[in-house]
Structures are given as C-alpha cells and as structure tokens.
1. When you scan segment 37-79, how many residues do you find that are closer than 21 Å to Tyr175 by Cα and either among the hydroxyl-bearing types (Ser, Thr, Tyr) or touching a Cys at 6+ places or on another chain (Cβ under 6 Å) (or both)?
2. Test of understanding: among Gly148, Gly155, which residue is of a type in the set (Gly, Ala, Ser), at pLDDT below 95 and not in a helix (DSSP H, G or I)?
3. Residues Thr74, Thr100, Thr53: which one is outside any helix (DSSP H, G or I), at pLDDT 90 or above and among the hydroxyl-bearing types (Ser, Thr, Tyr)?
4. On the given criteria, is Val36 over 24 Å from Glu176 (Cβ atoms) and either buried (at least 16 other Cβ atoms within 10 Å of the Cβ) or touching an Asp or Glu at 6+ places or on another chain (Cβ under 7 Å) (or both)?
5. Across segment 50-90, what is the total count of residues that are in contact (Cβ under 8 Å) with a residue 12 or more places away in the chain, surrounded by 12 or more Cβ atoms within 10 Å (Cβ to Cβ) and over 16 Å from the mean Cα position of the chain (by Cα)?
6. Could you list, in sequence order, all residues of segment 133-145 that are assigned to a helix (DSSP H, G or I) and within 16 Å of the chain's Cα centre (by Cα)?
Amino acid sequence: MDQAIDHGAVDEILKSCGSNWNAGQVHGLLCSRLAVTGADGASHWFAQVLEDTDPNNALRGECEAVLDALCSETWRQLVERQSEFTLLLPGDDDSMLERTEAMAQWCEGFLHGLVSEKHSEDLKKRLSAEPLADIIKDMLHITRATIGDDDDDEGDENAITELMEYLRVAAQLTYEELADFRSPTETEKPDDSETLH
C-alpha cells in the first residue's frame with residue numbers, strides 16, 4: 001500500500017466522519033468488490049462505507065479523498081498483478097494484538113464483499129469451487145484468529161507474517177479467478193483524476 005495511505009490514518013478519518021467501518025474491513029471489502037464487479041463494485045463500496053455518515057460533516061470531503069486514493073491504488077495493484085500489492089494493515093511497530101485483530105477485520109470485510117451482492121448462479125458456483133472455496137474457508141478461520149498466551153513472540157510474529165502473505169496472494173488470486181466473470185470494461189482501473197462519487 002502507498003505509504004501515504006496508512007492504516008491508522010484511514011481508521012482515524014473513517015471514525016472522524018462517522019463511518020461504522022474500520023480500515024481493515026474497508027480494504028478487505030474493497031478488494032472483494034473489485035474482484036466480483038470491477039467498476040460497479042468500486043462505486044458501491046464507496047457508498048456503503050459512507051452510508052451512515054453526515055454529508056455535512058466537515059471531514060467528509062477529506063474522507064472521500066482518502067477513500068478515492070485507497071481505491072485507485074488498490075485497483076491499480078490488482079489490475080497490474082504486481083507483487084507490490086499489499087493489504088491495508090497496521091505496521092510492524094504496532095502490537096501483535098492490533099495486527100491480528102486488523103487482519104481478522106480485513107477478512108470480515110473481504111468475505112462480506114463476496115456475499116453481500118446479489119449472486120448469480122454462475123458466481124455461486126465459482127465461490128463454491130476450488131480455489132475460492134478454500135480461500136473463503138481459510139478466511140473464516142482467520143476472522144477468529146487470536147494471539148497465544150505462551151509468550152512465544154517470535155512464533156506469533158512468524159504466524160502473522162505468513163498469514164498476511166497468504167491473504168495478499170489470496171486477494172490477488174480471487175481477482176484473477178473472477179476475471180472472466182467481470183465484463184471487460186469493469187476490469188479497467190480508474191483514472192487518477194476520476195472519483196467514485
């Protein structure tokens with residue numbers, strides 16, 4: 001993720017403008033919405049994240065700008081299939097508890113994005129077949145992830161790193177697996193000058 005788009009900053013601006021979503025959920029939701037419906041998913045995501053916010057809130061414009069930047073950068077990374085694609089999660093300096101909770105929230109958002117849209121029979125079949133079925137099952141487990149109480153900081157750190165890498169690859173794989181499900185125009189990333197609202 002772009003250094004300017006920081007997990008803590010996104011979390012703070014979402015709370016400030018009254019959104020019920022947190023940063024991890026928002027990015028997970030975005031990744032799955034882009035995978036399923038491309039451009040339509042991006043605009044629906046934007047509306048959903050800001051659904052219960054006050055349009056007259058002084059920070060609403062700043063929040064919209066941050067979400068636009070997050071969407072454009074995430075979409076660019078997914079479309080270009082670059083290894084630089086990263087999840088919007090707390091950094092290494094944050095506690096393992098915060099990072100584990102954010103990772104679980106990211107999975108919640110991702111799974112919500114897969115199941116909250118009206119599903120065609122074709123999409124249902126794709127989500128219930130390999131490899132997407134396994135990804136969904138694994139993410140359900142991760143939503144219940146906790147830190148052990150055995151003081152094995154190194155083991156916990158390694159586990160978090162491995163799970164983050166798995167989720168990064170899983171998000172990219174989901175996007176690629178659903179490529180022919182989206183229409184060609186929906187797979188194109190937005191222009192940096194475009195906004196979603």
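1. 5
2. Gly148
3. Within the list Thr74, Thr100, Thr53, the selection yields Thr53.
4. Considered against the rule, which asks whether it is over 24 Å from Glu176 (Cβ atoms) and either buried (at least 16 other Cβ atoms within 10 Å of the Cβ) or touching an Asp or Glu at 6+ places or on another chain (Cβ under 7 Å) (or both), Val36 comes out as no.
5. 7
6. Ile135, Ile136, Asp138, Met139, Leu140, Ile142
Rundown of residues vs (1) out of contact with any Leu (no Cβ under 7 Å at 6 or more places or on another chain); (2) over 19 Å from Gly28 (Cβ atoms), yes/no style:
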| residue | (1), (2) |
| --- | --- |
| Asn56 | yes, yes |
| Leu59 | yes, yes |
| Glu62 | yes, yes |
| Leu67 | yes, no |
| Ser72 | yes, no |
| Leu87 | no, no |
| Asp93 | yes, yes |
| Glu98 | yes, no |
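The values are calculated or read from the model by the stated rules, or taken from the named source; none is laboratory data. No experiment lies behind these values; they were computed from the predicted model shown. Cβ sites come from the backbone with ideal geometry, for glycine too, and all protein chains shown count toward neighbours.
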